[in-house]
1. Say we look at region 162-178 and pick out the residues that are assigned to a helix (DSSP H, G or I) and free of Cβ contacts under 8 Å to residues at least 24 places away in the same chain; which of these is nearest to His191 (Cα to Cα)?
2. Taking the criterion of being surrounded by 12 or more Cβ atoms within 10 Å (Cβ to Cβ), charged (D, E, K, R) and either at pLDDT below 75 or outside the structural domain of His191 (by TED's automatic domain parsing) (or both), would at least one residue in region 59-68 satisfy it?
3. Being more than 40 Å from the chain's Cα centre (by Cα) and modelled with pLDDT under 90: is that true of Leu139 here?
4. Based on this model, can you work out whether Val157 counts as in a helix (DSSP H, G or I), of a type outside the set (Ser, Thr, Tyr), modelled with pLDDT of 85 or more and under 22 Å from Lys113 (Cα atoms)?
5. Out of the residues in region 84-102 meeting the condition of being of a type in the set (S, T, N, Q) and at pLDDT 75 or above, tell me which one is nearest to the chain's Cα centre (by Cα).
6. Please work out which residue is surrounded by the fewest Cβ atoms within 10 Å (Cβ to Cβ), limiting yourself to region 118-154 and to residues that are within 14 Å of Met204 (Cβ to Cβ) and among the polar types (S, T, N, Q).
7. Could you check, for region 183-195, whether at least one of its residues is among the hydrophobic types (A, V, I, L, M, F, W, C) and at pLDDT 85 or above?
8. Condition (residue is within 24 Å of Arg194 (Cβ to Cβ), among the hydroxyl-bearing types (Ser, Thr, Tyr) and part of a loop (DSSP other than H, G, I, E, B)) applied to region 118-139: is it met by at least one residue?
Amino acid sequence: MTLSAYEDLVHELTRLDADTTANTAQAAKRLERRRTDLREIRAGIDEQTMRLAELCARLRATTPDLHPEPDDEAAANEDADAALARARTALREAEAAQVATVRVAQRPTLLPKAHHVLRELLVYGSCMIACLGVQLSYLAVTGGGEATWWVAFLLPVMAALVGYVLVGAANKPRLPLLDRGGKPVKPVVPHNPRLGVTLAVCTMALFAYFAFFR
């Protein structure tokens with residue numbers, strides 16, 4: 001072997017050694033970056049799991065399986081960087097879904113997007129329809145009598161009181177609103193009792209028509 005060929009061989013070995021060192025350093029950096037991403041994702045998953053469990057408890061909903069069995073076959077065929085990217089995407093989607101769920105739960109329980117007057121009209125109207133049904137059933141069974149006046153006036157008043165309570169529950173959100181400091185804000189729950197009284201008077205008049213003028 002000539003001196004020139006020997007020098008070329010040494011130079012090639014030095015270059016290969018440098019490339020190997022650089023590749024090893026890059027692989028170590030990639031591994032450390034993946035470990036950092038994995039720690040962040042695990043911390044986010046743990047935090048999201050705690051929030052989800054707390055939210056389910058506050059909404060009195062069934063807590064889903066928070067530790068599903070991993071798909072070993074899919075994990076074996078997936079690149080590490082792709083798996084981390086998919087995990088970050090899934091974590092962002094879970095956080096967005098949780099925020100949307102909380103916003104929905106902070107709206108009124110019944111017909112969250114409807115105006116409160118429509119909600120109250122539905123609740124009071126349902127109570128009065130049930131009241132009128134009971135009144136007409138009484139009239140059909142007894143044919144009237146001395147207690148008819150009590151049935152005409154007392155039952156609508158009771159239905160209005162029941163509607164008042166139900167309207168409070170229907171207008172109250174399942175989760176309270178929070179201020180900038182994260183403290184619960186007492187919600188303003190509209191009741192509109194005048195609507196209940198108006199419907200009660202209409203129910204009285206309608207029953208009186210069937211009871212005394214037919």
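1. Residue satisfying both the conditions and the ranking: Gly168.
2. No: region 59-68 contains no residue that is surrounded by 12 or more Cβ atoms within 10 Å (Cβ to Cβ), charged (D, E, K, R) and either at pLDDT below 75 or outside the structural domain of His191 (by TED's automatic domain parsing) (or both).
3. yes
4. no
5. Gln98
6. Of everything passing the filter in region 118-154, Thr148 is surrounded by the fewest Cβ atoms within 10 Å (Cβ to Cβ).
7. yes
8. no
The values are calculated or read from the model by the stated rules, or taken from the named source; none is laboratory data. Just so we're clear, the structure is a prediction, and the values are computed from it rather than from any experiment. Counting neighbours? That spans all protein chains shown, and the Cβs are built from the backbone with ideal geometry, glycine included.
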